[in-house]
1. Give the accessible surface of segment 204-349 per residue, rounded to a whole number of Å², with probe radius 1.4 Å and ligands, DNA and RNA excluded.
2. Quick check: pseudo-label points 7 Å beyond the Cα along Cα→Cβ at Ile210 and Lys446, how many nm apart are they?
3. Please compute the modelled spin-label separation between Phe356 and Lys121, points set 7 Å along Cα→Cβ, answer in nm with one decimal.
4. Please report the carbon-and-sulfur percent of the accessible area for segment 317-455; probe 1.4 Å, protein heavy atoms only, DNA, RNA and ligands left out.
5. Please give the contour-minus-distance gain from Lys89 to Ser226: 0.36 nm per residue of separation, less the Cα-Cα distance, rounded to one decimal in nm.
6. Report, in whole Å, the centroid distance computed from the Cα atoms of segment 364-435 and segment 239-277.
7. Report the antiparallel proportion of the DSSP beta bridges in segment 282-441 as a percent, rounded to a multiple of 5.
8. Would you mind putting 257-268, 415-426, 377-388 in packing order, based on average other-beta-carbon counts within 10 Å, highest first?
Amino acid sequence: MADLPNTIPMYPNPAHSQPPRSDTPTAPTSKTPAVTTAQRATSTAFESAKPSSNDNDPIPRHPTNSSSDEENQPPDYSHDNDPYQLSTKLKTDSEIEAIRANTSRKRDGYGPITLNKEAHKAKKLQDFYENQNENIQKWLKPVDEHIRLAKIFQGENHLKYQIAVRGSFVANLLLAVLQTYAAISAGSSLSLFTTMADAIFDPMSNITLIVCNRAVKRVDPRRFPSGKARIETAGNIVFCFLMTAVSWIIIVLSLMELKQGTSEKTKPLHLPSVIAVAIAGVTKLALFCYCWTLRNVYSQIRILWEDHRNDLFINGFGLLTSVGGSKLKWWIDPMGAIMLSCLISYLWLSTAYSEFQLLIGVTADTQMQQWITYISMTHSPAIVAIDTVRAYHSGPRIIVEVDIVMDSSETLRTTHDVAEALQMKLESLPHVERAYVHIDFETSHKPEHFLKKEL
């Protein structure tokens, strides 16, 4: 079984010091030692690892399978490009597979090997080491390489992005017309009216995303010195509440119909309406599958993907309750409309809540904080320690605050150049909007910033 205490921590420590450079690897410590210029570790930000003979990428994310263990070993790292010896914590594929293999030999007497508790723990341990390998390889890759890959990735996916946004807009326009016809021709089916209302608002959401995206690119720096990225989040919140309001209106109409009742046992079935809604469902399934691959790359695509996902269930359930009201009992249709409207309200209010969190300033995810911490730690040998690292959202992007510790005898020019270079490096990271770097000479003081509870 692997040794967990020897792994790197999954949460960043607020204070890190540069490790001493010696011939023997030493583990990083949270204390700030007296570091001389000769002992300070050099930056990994400007020096890349020696590329292997098989690939131009110094740190391949997916090593090829090999019969020998030597070929599966990670690339060689030196003290210059890996001052904290993180590469020693990388696990090979054979080591990760051995965790499950060793555990699978143990039976607990309660059924197959794959169902015992030890196998479940081994699977979680495997996931931990795979995630750790990915983080270490990400950190050891130079920032310039990350920027280059991000630009290549964006260029390769630009056409896919345009197809997703424009294709969704055109499809939603056609489906809005189609489902409006289905609801009107069906007459009294409130379930189909619910799907129609949702379909009509879909093109409006696409227009909102397109307008917000253009507004973000066209910025007057004198009026908006921090950009317009938050307008996208604000537009999403407005649209969420519009959809919720329409759902509540349909709930009121359904309750009125249930209260009035009817002498008919069932409602009339209109087959063309059923076929129209079924076509809309198939189209939404195709759009859902297409946007799924880009949902974690562009925030606009994620909103579209969530919308297609919701529409899949809404169209399917609305079609089911409409047919049920025509074949079984009349009250199934208005009851289905109420259930659909409640579901739509819940989904969009949940989306609005998550967008509010981004607008208010929720903290960035742990992996992003770890990455920012490591970049700051290895930026320059003149940085003695890291006092504080903060990363929080300002709309879809992230604001970074880093407090670095430098020797009090350093000149103003040296401290300025180091801090400015770190600021520019952090701002070049994907999803980072602004970075603020503060310089100090010790870590025993109170935090420079405090939470204001009163205006």
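1. For segment 204-349, the solvent-accessible area averages 52 Å² per residue.
2. Roughly 5.4 nm, to one decimal.
3. 4.2
4. 61
5. 45.3 nm
6. Cα centroid of segment 364-435 versus Cα centroid of segment 239-277: 55 Å apart.
7. 60
8. 377-388, 415-426, 257-268
The values are calculated or read from the model by the stated rules, or taken from the named source; none is laboratory data. Source: prediction; values computed, not measured. FYI the Cβ positions are ideal-geometry reconstructions off the backbone, even for glycines, and counts take in every protein chain you see. For accessibility, only protein heavy atoms count, side chains too; no ligands or nucleic acids. Shrake-Rupley method; radii C 1.70, N 1.55, O 1.52, S 1.80 Å.
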